[in-house]
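Structure first, then comments.
The values are calculated or read from the model by the stated rules, or taken from the named source; none is laboratory data. This one's a predicted model, so the numbers in the text were calculated from it and none came from an experiment. Positions of Cβ are backbone-derived with ideal geometry, glycine not excepted, and every protein chain shown enters the neighbour counts. The area values use the complete protein model at the heavy-atom level, side chains included, leaving out ligands, DNA and RNA. Shrake-Rupley method; radii C 1.70, N 1.55, O 1.52, S 1.80 Å.
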Amino acid sequence: MPHHGFYAKVCQGMPALIHQWLTHGRGDADRLALILAETARVAGLGDPGETPDGNTLSLWARGNGAEPPHWAVRTALFLLVQMPAKPVPDTDTEACAWAYCWLRNRDFHDRDAALAALPEHLREVMAPAITAAWNDRQGLRLV
């Protein structure tokens, strides 16, 4: 698979995305876990099944072998991009996780539309990751 390197970066960056939610969200870890699960259900970003507790959310954020589920990272991104604090990814791998989730959360006809739909403060910092995510997504359609 030609694009396996991108998805490896996504997986490495997922815990950091959850960590951003814990850092920028308002409330303790238990409350933030509840908000994440309820938002996922309401926004149609995945089915958490059972609502995680704060310890689980913190474990996902540490990335010690407990990869966060896709619904959690997709929902964390959904919430982070709407925050007045305007958080941004801190690393390339985190940016890849953000870009992967951005493309999974919404439908775009091309890379430029995906980039233009980002909040303005994220466009420049996310451009390389959005390009990589778009190329990965297009490569998967050929399989």
| note | When (1) part of a helix (DSSP H, G or I); (2) open to solvent by less than 20 Å² (accessible area, probe 1.4 Å) are applied to residue 104, the one that fails is (2)
| Looking only at helices (runs of 4 or more DSSP H) that fall completely inside segment 1-72, which ones have 3 or more residues that are β-branched (Val, Ile, Thr)? | 4-24, 29-43
| query | If you check every pair at least six apart or on different chains, which have Cβ atoms under 9 Å apart with a residue in segment 44-70 that is closer than 18 Å to residue 12 by Cβ first and a residue that is surrounded by fewer than 17 Cβ atoms within 10 Å (Cβ to Cβ) and of a type in the set (S, T, N, Q) second? | reply | 61/23
| Among the residues of segment 107-124, which ones are open to solvent by 70 Å² or more (accessible area, probe 1.4 Å) and either of a type in the set (S, T, N, Q) or part of a helix (DSSP H, G or I) (or both)? | 112, 120, 123, 124
| message | Checking the condition surrounded by 13 or more Cβ atoms within 10 Å (Cβ to Cβ), at pLDDT below 95, at negative phi and among the acidic types (Asp, Glu), which residue from 92, 136, 53 passes? | response | 136
| message | Residues that are closer than 13 Å to residue 133 by Cα and exposed (fewer than 13 other Cβ atoms within 10 Å of the Cβ): does segment 6-29 have at least one? | response | yes
| request: Within segment 20-46, track down each residue that is under 20 Å from residue 103 (Cα atoms) and of a type outside the set (A, V, I, L, M, F, W, C). | output: 20, 39, 41, 44, 46
